[in-house]
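Student: Next up is a structure, given as structure tokens.
The values are calculated or read from the model by the stated rules, or taken from the named source; none is laboratory data. What you are looking at is a predicted structure, and each value in this text was computed from that prediction instead of being measured. Cβ placement follows ideal geometry from the backbone for every residue including glycine, while neighbour counts extend to all protein chains displayed.
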Amino acid sequence: MTIESTSPPKDRICLDQFLKLRQVADSGGRAKWLIQNGHVCVNGTVETRRRRKLEPGDVVEVSGRTLSPFQPG
């Protein structure tokens, strides 16, 4: 399994914003749909809260991709 990462943001980021930033979702509506329909996991658990704040150490899984928002790339 390959973990993709991005540079750490200065503040924590909401899950829906992170999906848009990483181009998993091309719009806020698409990010909302993915999250609310159970297509996104955070740390191995389905996450349905789009405003969930991601923290260091969190791992996001969606569409067969594993993303780590707080590890340098």
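Student: Go through segment 44-61 residue by residue and tally those that are farther than 14 Å from residue 16 by Cβ, over 10 Å from the mean Cα position of the chain (by Cα) and of a type outside the set (Val, Ile, Thr).
Tutor: Residues in segment 44-61 being farther than 14 Å from residue 16 by Cβ, over 10 Å from the mean Cα position of the chain (by Cα) and of a type outside the set (Val, Ile, Thr): 4 in total.
Student: Sort out which residues of segment 18-61 are in contact with a helix residue (DSSP H, G or I) (Cβ under 8 Å, 6 or more places away or on another chain), touching a residue at least 12 places away in the same chain (Cβ under 8 Å) and part of a helix (DSSP H, G or I), and write them in order of number.
Tutor: Across segment 18-61, the qualifying residues are 19, 28, 31, 32, 34, 35.
Student: Looking at segment 62-70, is at least one residue surrounded by 12 or more Cβ atoms within 10 Å (Cβ to Cβ), at pLDDT 95 or above, under 11 Å from the mean Cα position of the chain (by Cα) and not in a strand (DSSP E or B)?
Tutor: There is no residue in segment 62-70 that is surrounded by 12 or more Cβ atoms within 10 Å (Cβ to Cβ), at pLDDT 95 or above, under 11 Å from the mean Cα position of the chain (by Cα) and not in a strand (DSSP E or B).
Student: Could you tell me whether any residue of segment 28-42 is at pLDDT below 95, loosely packed, with under 12 Cβ neighbours inside 10 Å and either over 9 Å from the mean Cα position of the chain (by Cα) or among the aliphatic types (A, V, I, L, M) (or both)?
Tutor: No, every residue in segment 28-42 fails to be at pLDDT below 95, loosely packed, with under 12 Cβ neighbours inside 10 Å and either over 9 Å from the mean Cα position of the chain (by Cα) or among the aliphatic types (A, V, I, L, M) (or both).
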